[in-house]
Amino acid sequence: MNKRTLFITAAAALLLTFIVGALLYTTQKKEQSTQLVDTNRDALIRMHSPTLGKPDAPVVIVEFLDPACETCRAFYPLVKDILAANPDQVRLVLRYAPFHNGSDKVVAVLEAARKQGKLWPALEALLATQEDWSPNHTPQVELVWPHLEGLGLDMEKMRIDMHAPEIANLIAQDLADGETLKVNQTPEFFVNGKPMPSFGYEQLIALVDQALNEAKQK
Amino acid sequence: MPSLDHSSNTAWTLVFLAWVLATISTLGALFLGEVMGYTPCQFCWYQRIAMFPLVFVLAAGLFPFDPRVIRYALPLAVVGWLLAVFQMALVVGLIPESVTPCQKGVPCSELQVVWFGFVNIPLLSVLAFSSIIALLFSAHFKGSK
């Protein structure tokens, strides 16, 4: 074998090993993830989890969300579109994954707003103004209050409610469930228990469509 | 001059092996970071800065074979080796953690991956840089014989 052939063969072999390894690893990961969900059904949806949409909708999107995560903000309108396009078919279950340092306090504020029946408007208001209260990806709970004005919330009550032990427990449970299901980035979606094959808008839409078709055939 | 040809052939093979090692290390680092999703600590980034260019510098020196590539590749390999040895010292505990310049994000003294109970990423980095330096040095002496 001459030198050039040797070099090209070696380069191709190494690159091929890398690509095949990456493909095998990701498929294995996905299988493990689906299995994890199957064996930990109760970790996916809790009684305390906020939901949006018809309670008996056949397709359930579980979203692990961090209010300070930019990609979660970018995905939120898309998720709303999916819900709007299939009003009686799709339901959204919200799980918190406050991975940003200090984000758990913002989740506590959201849960305090939930006690006044304003979780979703509060979440939308905070996602829209994320850059203002999370400068340089550092969530600062003191900065969120001005952005919640105009929603008709009793802020004084919220400042007390957000320290309620049941809210702390709820956040701890969501974090523990995220760990059980190996959610280590946000947003993470499970559609009827299945994770996205790879991350992206199209993959989420395809997964929802697939679940809708399966629901129709039943 | 068949003897010169022979020694330059050996030197070529040694540089080629160094390239293979650098490429395996580069792809391995990319696999750990991009495929398996481990966040590289700061020291890992500095070692990557030394390792990744070796793939291209050494390859460029192979066709046509230019023994001076050893001169150009060695500084990268030596700096990478020093960084790897320093991190290894951190991991083993020879250097107290308070001296580490990298405590935000992933601490460099923490091992994210351990295989067979003793193989970890800093160890692999030390081994890779050491072998590349050894190969380049022997290529240098074979070539000048």
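Every number in this text was worked out from the coordinates using simple rules, so none of it is lab data. Since this is a predicted model, take the numbers as computed values, not measurements. Here Cβ is always computed from backbone atoms with ideal geometry, including for glycine, and neighbour counts include all displayed protein chains.
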Checklist entry - What are the principal axis extents of the Cα atoms in the range A:159-209, in Å, biggest first? => result 42, 22, 18
Checklist outcome for this item: Diffing the range B:73-87: the Karplus 3J(HN,Hα) column from phi (6.51, -1.76, 1.60, θ = phi - 60°), in whole Hz with x for Gly and Pro, holds 8, 4, x, 4, 5, 5, 4, x, 5, 4, 4, 5, 5, 4, 5
Next on the checklist: Going by amide H atoms built from the backbone, whose H comes under 5 Å of the H on A:Y96, apart from near neighbours?
Outcome noted: A:L65
Checklist entry - For the range A:1-28 and the range A:142-218, what is the separation of their C-alpha centers, rounded to whole Å? => result 40 Å
Item to check | Rounded tilt (10° steps) of A:70-85 against the dominant C-alpha axis of chain A | outcome: 80 degrees
Checklist entry - Hey, got the dipole for the range A:92-176? About the Cα centre, +1 on K and R Cβ, -1 on D and E Cβ, debye to the nearest 20? => result 200 debye
Checklist entry - Could you work out the helix-only [θ] at 222 nm for chain A, with each DSSP H run of four or more residues adding -39,500 (n - 2.57) and the total divided by the number of residues, to the nearest 500 deg cm²/dmol? => result -18500 deg cm²/dmol
Item to check | Whole-Hz couplings from phi, Karplus 6.51/-1.76/1.60, listed for the range A:3-16; x for Gly and Pro | outcome: 4, 5, 4, 4, 5, 5, 4, 4, 4, 5, 4, 5, 5, 5
Checklist entry - Where does helix A:119-128 land angle-wise versus the long Cα axis of chain A, in degrees 0 to 90, nearest 10? => result 60 degrees
Checklist entry - Of the cross-linked pairs A:K30/A:K115; A:K115/A:K194; A:K54/A:K80; A:K182/A:K216, which ones have a Cα-Cα span greater than 25 Å in the structure shown? => result A:K30/A:K115; A:K115/A:K194; A:K182/A:K216
Checklist outcome for this item: For chain A, longest principal axis from Cα atoms; helix A:165-180 axis from its Cα atoms; angle between them, nearest 10 degrees, is 10 degrees
Checklist outcome for this item: A correct Karplus calculation of ³J(HN,Hα) over the range B:6-20, with 6.51 cos²θ - 1.76 cosθ + 1.60, θ = phi - 60°, whole Hz and x for Gly and Pro, returns 4, 5, 6, 5, 4, 4, 4, 4, 5, 5, 4, 5, 4, 5, 4
Next on the checklist: When a/c reaches 1.5 or more, the comparison of a/b and b/c decides; with that in mind, is the range A:42-217 rounded, prolate or oblate per its Cα gyration tensor?
Outcome noted: prolate
